[in-house]
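Let me begin by presenting the structure, written as structure tokens, before commenting on it.
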């Protein structure tokens, strides 16, 4: 039963975390997966099938823009995702909402 709750909670924050990771530089999918894992101390172990729908949705919403790299030598082209101005604004709004919710949860759980 623990896994059910964990998945649900993580699902609600993926957009925010992906936008945050893209704040400073463009990244490709596997790079995002690795950074989520490393920066969360393995709390976020995503598969491609979980991340790419998030990226496609963010792209459809205009919050990120994707562009393909050129193949160099044996390296295959990669699609890099970069946060847009609209994405930066959305992330700031999401963080405000997240902080309000997290504060409310903390107050209830500390009782």
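Values as computed for the structure displayed
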| item | result |
| --- | --- |
| Cβ-Cβ under 8 Å pairs, at least 6 apart or on other chains, region 46-62 side within 15 Å of residue 22 (Cα to Cα), far side exposed (fewer than 15 other Cβ atoms within 10 Å of the Cβ) | 62/86 |
| Residue ID - surrounded by the fewest Cβ atoms within 10 Å (Cβ to Cβ), chosen from residues in region 60-75 that are touching a helix residue (DSSP H, G or I) at 6+ places or on another chain (Cβ under 7 Å) and either at pLDDT below 95 or assigned to a loop (DSSP other than H, G, I, E, B) (or both) | 62 |
| Any hit, region 76-92, residues being modelled with pLDDT under 95, out of contact with any helix residue (DSSP H, G or I) (no Cβ under 6 Å at 6 or more places or on another chain), outside any helix (DSSP H, G or I) and more than 21 Å from residue 37 (Cβ to Cβ) | yes |
| Flag for residue 90 being closer than 23 Å to residue 101 by Cα and either in contact (Cβ under 8 Å) with a residue 60 or more places away in the chain or in contact with a strand residue (DSSP E or B) (Cβ under 6 Å, 6 or more places away or on another chain) (or both) | yes |
| Cβ pairs under 8 Å, 6+ apart, first in region 96-108 and touching a residue at least 12 places away in the same chain (Cβ under 8 Å), second surrounded by 10 or more Cβ atoms within 10 Å (Cβ to Cβ) and in a helix (DSSP H, G or I) | 98/16 |
| Filtered residues of region 11-27 (kept if in a helix (DSSP H, G or I) and surrounded by 13 or more Cβ atoms within 10 Å (Cβ to Cβ)) | 14, 15, 16, 17, 18, 19, 20, 21, 22 |
| Residue tally, condition farther than 22 Å from residue 2 by Cα and outside any helix (DSSP H, G or I), over region 28-59 | 1 |
| Inter-residue pairs, beta-carbon under 8 Å, first free of Cβ contacts under 8 Å to residues at least 40 places away in the same chain and at negative phi and in region 22-35, second surrounded by 16 or more Cβ atoms within 10 Å (Cβ to Cβ) and assigned to a helix (DSSP H, G or I), 6+ apart | 33/51; 35/21 |
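The values are calculated or read from the model by the stated rules, or taken from the named source; none is laboratory data. Quantities reported herein were computed from a predicted structural model and do not represent experimental measurements. Neighbour counts run over all protein chains shown; Cβ positions are idealised from the backbone, glycine included.
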